[in-house]
Amino acid sequence: MIENIIQVLILILSASAIWLVSQKSKWSRWGHIVGLAAQPLWALTTIQNEQWGLFVLTLFYSYCWSMGIYNYWIKKEKMNETV
């Protein structure tokens, strides 16, 4: 049962993240946060199923989503402070 819930959450969060980052609106930067929120679920699933290649890919995606958060949330705020 819990596996099904995790799969549904992966679907909702991952699809929402990709949809958000592809938008030309103020909401696009939220896609990075939603995408990063899905990564623990991806990691859990890949570890449980011993899919090590996908686990490494999950780590890479986590890094990429984190860089998006840095660039669109943290760095942007730092730039606004210096102006």
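Bear in mind these aren't lab numbers, they're just calculated from the coordinates by the rules spelled out. Here the structure is a predicted model, which means the values were calculated and not measured. Don't worry about glycine lacking a Cβ; one is built from the backbone with ideal geometry, like all the others, and counts go over all protein chains shown.
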ask   = Between 37, 61, 27, whose Cα lies farthest towards the positive end of the dipole of the chain when Lys and Arg beta carbons carry +1 and Asp and Glu beta carbons carry -1, centred on the Cα centre?
value = 27
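Please state the shape class of region 43-83: rounded when a/c is under 1.5, otherwise prolate if a/b exceeds b/c and oblate if not, all from the C-alpha gyration tensor.
Prolate is the answer for region 43-83, as a/c is 1.5 or above and a/b outweighs b/c.
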inquiry  = Shape verdict for region 24-70, please, from the Cα gyration tensor: rounded (a/c under 1.5), prolate (a/b greater than b/c) or oblate.
reply    = prolate
request  = Kindly write out, for region 44-53 in residue order, the coupling ³J(HN,Hα) from the Karplus curve 6.51 cos²θ - 1.76 cosθ + 1.60 (θ = phi - 60°), rounded to whole Hz, with x marking Gly and Pro.
outcome  = 4, 5, 5, 5, 4, 9, 6, 9, 5, x
task = Could you tell me what % of all Cα pairs in the chain have separations over 14 Å?
result = 66 percent
request  = Over the chain, calculate the relative contact order: mean separation of alpha carbon pairs under 8 Å at least 6 apart, over the residue count, as a percent.
outcome  = 25 percent
